[in-house]
Amino acid sequence: MKGQALYQQAKRLIPGGTQLLSKRPEMFAPDVWPAYYSKAKGCRVWDLDGRAFIDMSIMGVGAVILGYADDDVDGAVIEAIRNGVSATLNCPEEVALAEVLIELHAWAQMVRYCRGGGEAMSMAVRIARAGTKRDRVLFSGYHGWTDWYLAANLGETDALDGHLMPGLQPNGVPRGLKGSAIPFTTNDIQSLKDLIGGKGHEIAAIVIEPARGEDAPRNYLLELKDLAASIGAVLIFDEITSAFRMNAGGIHLRYGINPDIAVFAKSMANGYAMAAVLGVERVMQAAQSTFISSTNWTERIGPTAALATMQKYIQADTANHIIALGNRVKEIWAEKASKHHLEIKVSGLPTLANFAFLHPEAQRLNTFFTIAMLERGFLGFRQFKASLAHSQAEVEAYAAAVDEVFAEIACKDPQTLISTPPAHAGFFRLTKE
């Protein structure tokens with residue numbers, strides 16, 4: 001396969017093989033996953049060998065919510081390119097986008113932009129620290145790759161293991177940041193209060209994903225908001241994954257609970273590089289008391305793509321479409337597993353759905369599932385992130401394939417299912433092989 005051959009070359013040239021852990025072939029099916037694409041359109045992806053697959057997996061790691069190469073979004077971007085991507089003057093689209101974001105989130109008054117989720121979270125934390133003149137950040141969940149977050153592992157190397165991504169080492173993070181980022185357990189307000197103790201005056205921000213796996217517990221978010229206000233900390237909602245998955249804008253709008261800052265990326269621009277830090281004026285103005293600046297944050301494509309994406313998202317009633325498809329896929333997993341007497345756990349918001357085999361050899365089963373789905377023309381994984389481009393036809397074709405694959409899994413010895421290494425479950429160092 002051309003893709004795997006190219007990936008072996010990439011591992012010799014690029015540390016880690018790819019720029020994003022979630023796109024490493026080892027996370028899906030080592031030595032088998034196609035690795036690279038030549039073309040993507042709608043909900044289909046073509047690999048370097050010309051094979052076409054229906055993407056019933058992660059759709060660009062959740063960034064492509066309307067579908068690959070959407071004509072309306074791409075058309076707006078092409079027009080922007082023809083008029084110049086960057087200039088000595090600023091692009092007006094960034095003002096238009098700020099107006100749209102603030103219209104969707106009436107609680108906010110100001111916006112800053114960058115182009116990726118990790119750097120957006122760093123920006124949000126910097127603003128919170130600048131505004132409060134405090135250093136410590138309390139957080140729950142996964143928030144990216146930068147120093148402020150990985151500093152949590154300076155004290156105990158497994159502090160982040162319960163926050164989505166185990167095995168992350170803080171190598172390269174200054175030792176002086178030890179104690180500056182402290183994880184807490186979601187949905188346990190008393191343990192958070194105990195963690196703070198009498199040191200509330202040291203806390204710059206409380207950071208949380210309001211929802212990722214399931215809907216957020218509303219009462220807990222209310223208590224969190226009150227707690228942050230009582231100690232003068234900035235409440236930051238990381239909505240890099242959850243925004244636009246269940247509604248237009250941040251998922252917190254569904255709960256009626258507003259943070260001081262909300263952070264968006266991924267789905268807001270349908271795969272184009274764009275991120276936003278949205279907040280109340282009293283907090284956001286602190287951005288002017290520190291230095292946050294980058295040439296490429298002023299380019300035109302990101303804001304243009306975001307504007308076009310949001311417009312189509314709303315007009316096409318995308319939220320209801322992807323919720324319905326996600327719920328159907330969750331039903332498929334449960335129905336087919338029950339039919340073939342497989343034990344699985346189905347969970348997640350319908351638009352961020354996932355399943356897990358309840359088996360000691362779960363990773364072998366996951367790997368076989370992915371390989372067998374490839375053979376049937378699907379990019380299949382234990383997750384599904386629906387897009388507007390998916391239709392009932394693709395979902396029902398997927399249902400037939402899942403039925404066949406689950407039947408195979410049920411009647412075979414897990415030890416004989418695969419001839420390749422099992423998929424990785426977290427962060428692993430890669431060799432140059």
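The values are calculated or read from the model by the stated rules, or taken from the named source; none is laboratory data. The structure displayed is predicted, hence computed values, not measured ones. So basically every Cβ, Gly included, is an ideal-geometry build from the backbone, and we count neighbours across all protein chains shown. In case anyone asks, the SASA skips ligands and DNA or RNA and just uses the protein heavy atoms, side chains included. Shrake-Rupley method; radii C 1.70, N 1.55, O 1.52, S 1.80 Å.
With the requirement that a residue be crowded, with 19+ Cβ neighbours inside 10 Å, within 14 Å of T420 (Cα to Cα) and not β-branched (V, I, T), what does region 354-381 give you?
R364, L365, N366, F368, F369, A372
Restricting region 6-39 to residues that are of a type in the set (K, R) and more than 20 Å from the chain's Cα centre (by Cα), which is farthest from Q169 (Cα to Cα)?
K39
Restricting the search to region 185-240, which residues are without any contact (Cβ under 8 Å) to a residue 12 or more places away in the chain and on the phi > 0 side of the Ramachandran plot?
G197
If I ask for residues that are under 16 Å from Q383 (Cα atoms) and open to solvent by 50 Å² or more (accessible area, probe 1.4 Å), which ones from region 401-427 would you list?
A425 - this is the single residue of region 401-427 that is under 16 Å from Q383 (Cα atoms) and open to solvent by 50 Å² or more (accessible area, probe 1.4 Å).
Of everything in region 172-209 that's part of a strand (DSSP E or B) and of a type outside the set (V, I, T), which residue is most open to solvent (accessible area, probe 1.4 Å)?
Only one residue tops the list, namely P183.
Exactly one of these conditions fails for A262: (1) within 30 Å of A76 (Cα to Cα); (2) open to solvent by 10 Å² or more (accessible area, probe 1.4 Å); (3) within 20 Å of the chain's Cα centre (by Cα). Give me its number.
Of (1) within 30 Å of A76 (Cα to Cα); (2) open to solvent by 10 Å² or more (accessible area, probe 1.4 Å); (3) within 20 Å of the chain's Cα centre (by Cα), only one is false for A262: (2).
What's the number of the condition L379 fails, among (1) touching an Asp or Glu at 6+ places or on another chain (Cβ under 6 Å); (2) in a loop (DSSP other than H, G, I, E, B)?
Tallying (1) touching an Asp or Glu at 6+ places or on another chain (Cβ under 6 Å); (2) in a loop (DSSP other than H, G, I, E, B), L379 fails exactly one: (2).
Testing K225 on (1) of a type in the set (D, E, K, R); (2) within 23 Å of Y142 (Cα to Cα); (3) touching a helix residue (DSSP H, G or I) at 6+ places or on another chain (Cβ under 9 Å); (4) open to solvent by 10 Å² or more (accessible area, probe 1.4 Å), one condition comes back false. Which one is that?
Answer for K225: the failing condition is (3).
Would you call R212 more than 21 Å from the chain's Cα centre (by Cα), open to solvent by 70 Å² or more (accessible area, probe 1.4 Å), at pLDDT below 95 and of a type in the set (D, E, K, R)?
Answer is no for this residue.
Can you pull out every residue in region 382-417 that is touching a helix residue (DSSP H, G or I) at 6+ places or on another chain (Cβ under 7 Å) and modelled with pLDDT under 95?
Residues satisfying the conditions are P414, L417.
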